[in-house]
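Read through the structure below, which is laid out as structure tokens, and then see the notes.
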Amino acid sequence: MAMDERKQANRRVVKRLGIAAVLMFGFGFALVPLYDVFCDITGINGKTGRIELEDALSQTVDADREVTVEFLATVHSDLPWEFRPVVKKIKVHPGEVTEVNYYARNMTNDVVTGQAVPSLAPGLAAKYFSKTECFCFTRQALGPGEAKEMPLRFIVDPELPENVRTVSLSYTFYQAKPEAAGSEISMGSATLDSIM
């Protein structure tokens, strides 16, 4: 009798572990959309938009208003690069197309490929900040000791809420697969797994 009870108890444990495994697997699939919702609610990791240059140039410039744009840069620990903005902050008029540069240098004797991932704060400003050109659109390969300036062209939409006076644009560079250098990235669906 005790043996039958033990077998039933073991079956219940195996059944519960199986259910737990299925739930964890489902949670893993739901994690990326949940993270996007979390970022939208909290304003963390704001994603910027993309706009064609012709459309950006057709915007009306609000010359009576200035917005400060701060530029930040970090490099993931596995990428042996120096990476920084050429200017740390500028004032722009909403509706005006602005171009700045970031500097990157490969500090190794090998070709190294990286991918920049942007983040904008405050998060609510993300839908009012669009880029026409950005080094983050493609993976960047730098040869041994190579250094270069990489352009970023953007526009702040005149519809940006009046209470937002400062926007911080941050890029983190991660090491990417070398065979993917120059390939275009869809930042709306890119994950770190897809670039590493």
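Every number here is computed from the coordinates shown, using simple stated rules; none is lab data. Since we're looking at a predicted model, the values are computed, not measured. Note that we place each Cβ from the backbone using ideal geometry, even for glycine, and neighbour counts take in every protein chain shown.
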Condition broken by ALA116, with the remaining ones in (1) farther than 17 Å from LEU160 by Cα; (2) touching a Lys or Arg at 6+ places or on another chain (Cβ under 6 Å) satisfied: (2)
Could you list, in sequence order, the residues of the stretch 98-124 that are β-branched (Val, Ile, Thr) and in contact with a Ser or Thr (Cβ under 7 Å, 6 or more places away or on another chain)? VAL117
Extreme residue, farthest from ARG139 (Cα to Cα), among residues of the stretch 63-86 that are more than 20 Å from the chain's Cα centre (by Cα) and surrounded by fewer than 19 Cβ atoms within 10 Å (Cβ to Cβ): ASP64
